[in-house]
Amino acid sequence: MSLRAVIDSVEGREKRLTVFDPPTDDAVAELREYFASQAVRIEEGTTDSDLSGYVVLSDERDDEVLAAVDLGRLGGDVTVGPGEQSAFAPILEHLDETTFTSYDLPQMMAATREMEDRAWRAGTGELHAGFQRVGAIRAQKGVYEDLASKDIDVHAYCAPSDETPAIEDVTLHEEDTEEIRTSWFVAFDGAGDPSEACLLLAEERGDPAERQFYGFWSYDPSVVATVIDHLHETYAVPA
């Protein structure tokens, strides 16, 4: 299964975010703007239940309530990207395997740091990172040297270049394939703890000058394993 096929397999898994009895129209508009790049449908509703005044995330497939946040807690403190601490954290935790569109570089970096931080805290395990081009590897050389200084088996991927830097204790894979040139990914196997396994996988699409990405993140160990197994098999990564 290619990296694009993995993205395609989760495409269309939409979540629904219902705003019950919003205090103002602005509250709904701000939520639509905040989640504009993700497959989340925003609805407005009314209820006599304890959910009045709450933002409720549910699964479109079975209407299961996944998370709820009190609108009064938001207080205008809205951040962007997964892994950032905000009042939306309970909702963001349930948006794994929901595709996002039009993530720019700062949003991708915020998501990347979340995955790298899990590997850093574990201090062991296997970490795979796709950089697309050699310039990105040079920019993150210090970060990955620090990660490799732990007992982490670090693998980095990019398209071939004559200017590829040597990174101590990092195995570098220069691969002349379309998916390596177009894919941004970070996959951590969890170091034996399935609850710590994580994946960010996105494909750059559209005008290269705009650097926009389409993909998803996941904390499902089976999805993470699918990507890592693909990298092992396709790019001869030693098991």
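By its C-alpha gyration tensor, with a ≥ b ≥ c as the square roots of the eigenvalues, how is the range 117-189 shaped: rounded for a/c under 1.5, else prolate for a/b larger than b/c, else oblate? Cα axes put the range 117-189 in the prolate bin.
Per residue and in Å³, how big is the convex hull formed by the alpha-carbon atoms of the range 100-234? Write out the running numbers ahead of the final one.
Working: hull volume 13.5 nm³, N = 135.
Given the Cα convex hull of the range 100-234, per-residue volume reads 100 Å³.
Measuring between their Cα centroids, the range 104-182 and the range 205-239 lie 12 Å from each other.
Every read-out reported here was derived from the displayed coordinates using simple, explicitly stated rules and does not represent laboratory data. Just so it is clear, the structure is predicted and the values come from calculations on it, not from any experiment.
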